1. Which value, in Å² rounded to 10, gives the accessible area of His128 with a 1.4 Å probe and all protein chains present?
2. Along each of its three principal axes, how wide is the spread of alpha-carbon positions in region 11-106, in whole angstrom units, largest first?
3. Give the Rg (one decimal place) followed by the Dmax (whole number) of region 353-394, computed from C-alpha coordinates and expressed in Å.
4. For the chain, modelled as a GNM with alpha-carbon contacts under 10 angstrom, which of Arg325, Arg262, Arg230 fluctuates the most?
5. Beta carbons within 10 angstrom, averaged per residue: use that to sort the peptides 112-121, 211-220, highest first.
6. Round to the nearest 10 and report in Å² the accessible area of Arg19, as given by a 1.4 Å probe over the protein chains' heavy atoms.
7. Carbon and sulfur: what percent of the chain's accessible surface (1.4 Å probe)?
8. Rg over Rh of the chain, using C-alpha atoms and the Kirkwood radius, what does it come to?
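The values are calculated or read from the model by the stated rules, or taken from the named source; none is laboratory data. On a predicted model such as this, the values are computed, not experimentally measured, just so you know. Neighbour counts run over all protein chains shown; Cβ positions are idealised from the backbone, glycine included. Heavy atoms of the whole protein, side chains included, go into the accessibility calculation; ligands, DNA and RNA do not. Shrake-Rupley method; radii C 1.70, N 1.55, O 1.52, S 1.80 Å.
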Amino acid sequence: MTDAVEIRAIHARRVWDSRGRPTVEAEVHLHDGAVGSAIVPAGASKGTREALELRDGGERFGGLDVQRAVAHVNGEIARAVLGMAADDQAALDERLIELDGTPNKERLGANATLAVSMAAAHAAAASHGLPLYEYLGGPLASLLPMPQIQIFGGGAHAGRRVDIQDFMIVCPGAGSFAQALEWTAEVYRHAGQLMRTRGALLGVADEGGWWPAFDTNEEALEALVVAIERAGFVPGEQVAIALDIAASDFGRAGRYTLGLERRELDSDGLIELLLRWCEKFPIVSIEDPLGEDDGQAFARFTRAAGHKLQVVGDDFLVSSAPLVRQAAADGVANAVLLKPNQRGTLTETLQCWNAARALGYAGIVSARSGESEDTTIVHLAIGWQVGQLKVGSFARSERMSKWNEALRIEERLGARGRFTGAGIFGRSGARREPAPPGS
Ligand code: PGA
Ligand code: ZN
């Protein structure tokens, strides 16, 4: 007798991401007819310790084709996992890890393994007749994430027009996920208008944030505060700022080059600058304040600001449980960004979140700058009860598909749904009382 959730067939194909680059989509078919599919994303400002995304090299599509990864899914991986139970995610992912046989998915590619890992979860959820978040988290999975939404894009996502990669907002004063999006829509619109009237709008960056022509990085922060105010919100109370410095992108070995301002800073100079911004602007979260090779300075920054600020490790932690444990021992960061393609399986990503949570770290499930219509990460954020979600801006359908999926889930959860608002940042002391919702 075959089990209903046994994997009957797997098929992968090449599809295209939001930057027009090739990526991997996998479909997992089960014996009972259930099907799950998933598309993997791709980063631009990647950490060097991320799992390897297998690309074909050569001339075609700038060397970025994924035919080898697709062939691995359709060949070796399919043969190895046929007959396995799609609802035993740990065993399935363990098989993928063993089959690859390298520490960083270098042989098969994390894009091959993750496509299968995610598609299997979707198939298993379908077989159980549940939405993915509920399949992953059970009936208790009811915490809607606080969205971190990009208003201005910079760094590697915007031709380095500004050095800082993500100027984002969070809405600690909002009473629901839906309201956080309503508030963000107003701030995003006002920020665009502001840029237009200043003649400083160059279009949108890779993740849909405004691509502005500022003279200094600080000018972007000032503009963001003005946009929050013009939208009718109290900065720091209702709507606050979150930054992804992505410092690995403009610094090596403790030397950081702010190209826009034509100046170089050492680690302590950058720390000083960021601390000054935190004094001057309503910032509640900073990601990758220092480079991935600058752990001691990262720890110094965390000591100086971690009691009042969410300090997030992305390139520094690459969604790795061992690296999070090491960071906790070294006093680096107090929150971890969770990007499944930094590891290549859902199980390893969840292991990282479990390790982080046990150590008192906050978590943020995150998209990549190269995305698609896939909405798996929204379900991970809710199913794993992570509490925060970062998917880029408030424009372009590869971003909006995620926000809209979370809206649908909030509606489905109804009275069972929870949204923590200020509580998310209350832990770090950055926010005190939530402002009354509805400005
Ligand atoms: P990436 O950017 O997907 O290009 O790495 C996102 C981030 O740095 O958080
Ligand atoms: Zn980042």
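1. My reading of the accessible area for His128 is about 90 Å².
2. Taking max minus min along each principal axis of the Cα atoms, region 11-106 gives 40, 28, 21 Å.
3. 11.2, 33
4. Highest fluctuation among the options: Arg262.
5. So the peptides 112-121, 211-220, ranked by packing, come out 112-121, 211-220.
6. Roll a 1.4 Å probe over it and Arg19 shows about 50 Å².
7. 51
8. 0.96
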